[in-house]
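Note sheet for the following structure.
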Amino acid sequence: MMLASVLIAAAFTPESGERAMVRLINEQRASQGLSQLRRVHVLDQAARWFADDLAARDTGLDHVDSHGRRVTHRIYDFGYRAIRKSAENIAYGSENPKETHERWMNSTGHRRNLLDPDLEDIGVGARVSASGRVYWVTEFGLRHRGAPALALTPEE
């Protein structure tokens, strides 16, 4: 009798990558004694849109989108209002969220965003370009106290 083992790798999907990225970021924050970030639906929409925008251009990274907006204006246009603070991390290359997270943690500016104790909200987008590059966007925010509640992205 011949035994064979077959390893079937799970195919990358943007949605599974996005969930994994939020988990990795919140685990890192917890290890530093920081609060978990809430995944906010409109920030997810903004991050996904910008990841699509970057993937469509597929020319590398730029924090200015094809409409000329930076993070604060972009997330405002998607409905994230009463903004006190915003930040953004972008990357491309690996479809592996852990590799991308590690690259961000090894970069001073990206690490500062990931571990900023003031930030409370997050949105994540991952999209694949026609050339096969995966573009990652994380949008972070803090809103003024008393701002109306926003819908959270359900955990799956």
Which residue pairs have Cβ atoms under 7 Å apart, sit 6 or more places apart or on different chains, and have a first residue in the range 81-96 that is closer than 19 Å to Gly60 by Cβ and a second that is of a type in the set (Gly, Ala, Ser) and open to solvent by less than 40 Å² (accessible area, probe 1.4 Å)?
Glu95/Gly17
Residue list for the range 15-44, filter: open to solvent by less than 20 Å² (accessible area, probe 1.4 Å) and free of Cβ contacts under 8 Å to residues at least 12 places away in the same chain
Asn26
Report yes if some residue within the range 49-60 is of a type outside the set (D, E, K, R), part of a loop (DSSP other than H, G, I, E, B), open to solvent by 20 Å² or more (accessible area, probe 1.4 Å) and in contact (Cβ under 8 Å) with a residue 24 or more places away in the chain; otherwise report no.
no
Residues that are touching a helix residue (DSSP H, G or I) at 6+ places or on another chain (Cβ under 6 Å) and closer than 14 Å to Pro14 by Cα: does the range 101-124 have at least one?
yes
Considering residues of the range 64-81 that are at pLDDT 95 or above, under 17 Å from Ile122 (Cβ atoms) and part of a loop (DSSP other than H, G, I, E, B) only, the residue most open to solvent (accessible area, probe 1.4 Å):
Phe78
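The values are calculated or read from the model by the stated rules, or taken from the named source; none is laboratory data. This is a predicted model, so every value here is computed, not measured. Cβ: placed from backbone, ideal geometry, glycine included. Neighbour counts: every protein chain shown. Accessible surface is based on the protein model in full, side chains and every heavy atom, while ligands, DNA and RNA are left aside. Shrake-Rupley method; radii C 1.70, N 1.55, O 1.52, S 1.80 Å.
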